[in-house]
Amino acid sequence: MSRGIHDNAVISLNQVDQTFHTHDGKPVTALQGVNLNIKRHEFVSLIGPSGCGKSTILRLVSGLLIPTAGQVSIFGLQVSEPRDEIGIVFQKATLLPWLTVIDNITFPMKHKYGRVTAEERSRAFELLEMIGLKDFADRHPKELSGGMQQRVGIARSLLHDPEILLMDEPFSALDALTRDEMSFELLRIWSERPKTVVFVTHSIQEALLLSDRIVVMSARPGQVADIIDVPLERPRTMETLSDPRFNTMANDIRRQVFSRKPEESTIARGDA
Ligand code: ADP
Ligand code: MG
């Protein structure tokens, strides 16, 4: 059963296939033969065309979905249901509009255990301070900008201090400046409280700035096309963005992503 599962991997996908069925019963192969091993406290980005199965990988790791074939493990144990060690951040903050900021952050605890301890509440305030919103504890989501709401979503995912953080295009709804700011914010949070992060993005720059490794996926069926090590030193700063290696790597990855068209495209056949 442990065949192929790496001992030091926190997250391990071993020969994973995922097939869905459309409403008229046609099978859709979302993932095929995906192998991926992610080490403790590693920051890994998934990048690839829309529909290549990035969100599916996050759902598999989170236990919201069980693969059609193959194994998904966290900490060496096969995933069979959602687990507490995992925090999830989606593209939209999905805050509850009728709750204040602080109550939104503690909501998952309240929902799960029926109450929020004093300790959790004070930790929620610490997180608010960390994301620079301590004066907004009693505001409601609609009083906050998109970037602020997304920060609250991140704070909410961090409340139970999860070992693993899964982020599905968390900054893609934000404007470019807020995006950069949020990336540096995330790096700071990650260095203060190290976690194993799987980060889905459409932005090559974002993936390069944040990651230790970038997983490039190809579409139809979703497969791992390449895994790229990012040798840029940490801490990464504004200067990292102007490092010549940064632009060279971004161009290489862009070329790679765009040379992998869906299988049915005859244009891409030659360089696949
Ligand atoms: P990505 O996040 O890379 O854009 P997804 O993981 O959301 O891609 O989806 C991968 C493929 O699986 C897509 O073709 C999508 O339409 C399909 N898919 C995802 N979830 C379902 C589902 N619940 N039912 C049917 N098809 C699905
Ligand atoms: Mg997606």
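Any read-out appearing in this document is the output of simple, stated calculations on the displayed coordinates, not a laboratory observation. Just so you know, these numbers come straight off a predicted model, no measurement behind them. Neighbour counts are summed over all protein chains in view; Cβ atoms, including those assigned to glycine, are modelled from backbone coordinates with ideal geometry.
Could you compute the net charge surrounding Glu169? Neighbours are other residues with a C-beta less than 14 Å from the C-beta of Glu169; K and R count +1, D and E count -1.
Numbers: positive: Lys54, Arg59, Lys92, Arg179; negative: Asp168, Glu206.
Once all neighbours under 14 Å are counted, the net charge is +2.
Within the straight-line cut-off of under 20 Å between alpha carbons, the lysines reachable from Lys134 are Lys142, sequence neighbours fewer than 8 places apart in one chain being disregarded. Helix 146-158 axis versus longest C-alpha principal axis of the chain: approximately 90°, rounded to the nearest ten.
Taking the Cα centre of the stretch 126-234 as origin and assigning +1 to Lys and Arg Cβ atoms and -1 to Asp and Glu Cβ atoms, the resulting dipole is close to 220 debye. Ranked by the mean number of other Cβ atoms within 10 Å of their residues, highest first, the peptides 175-188, 114-127 come out as 175-188, 114-127. Pairs of Cα atoms nearer than 8 Å and 6+ residues apart set the relative contact order; for the stretch 126-224 it is 25 percent.
When each of the peptides 91-97, 38-44 is scored by the mean number of other C-beta atoms lying within 10 Å of its residues, the order from highest to lowest reads 38-44, 91-97.
The stretch 27-49 and the stretch 87-163 have Cα centres separated by 28 Å.
Charge dipole of the chain (Cα centre as origin; +1 on each Lys and Arg Cβ, -1 on each Asp and Glu Cβ, all else neutral): 440 debye, rounded to the nearest 20. The C-alpha atoms of the chain define a longest principal axis, and helix 118-130 lies at about 70 degrees to it. Where both bridge residues fall in the chain, DSSP classifies roughly 55% of the beta bridges as antiparallel. Rounded to the nearest Hz, the phi-derived 3J(HN,Hα) couplings of the stretch 235-250 under the Karplus curve 6.51 cos²θ - 1.76 cosθ + 1.60 (θ = phi - 60°) are x, 8, 9, 4, 5, 4, 5, 9, 5, x, 4, 4, 5, 4, 5, 4, where x marks glycine and proline.
Counting only alpha carbon atoms, the long axis of helix 176-192 and the longest principal axis of the chain meet at about 80°.
Amide H contacts of Val79 (H built 1.01 Å from N, in plane; Pro and chain starts excluded): Val72, Ser73, Ile74 sit under 5 Å, all sequence-distant by 5 or more or on other chains.
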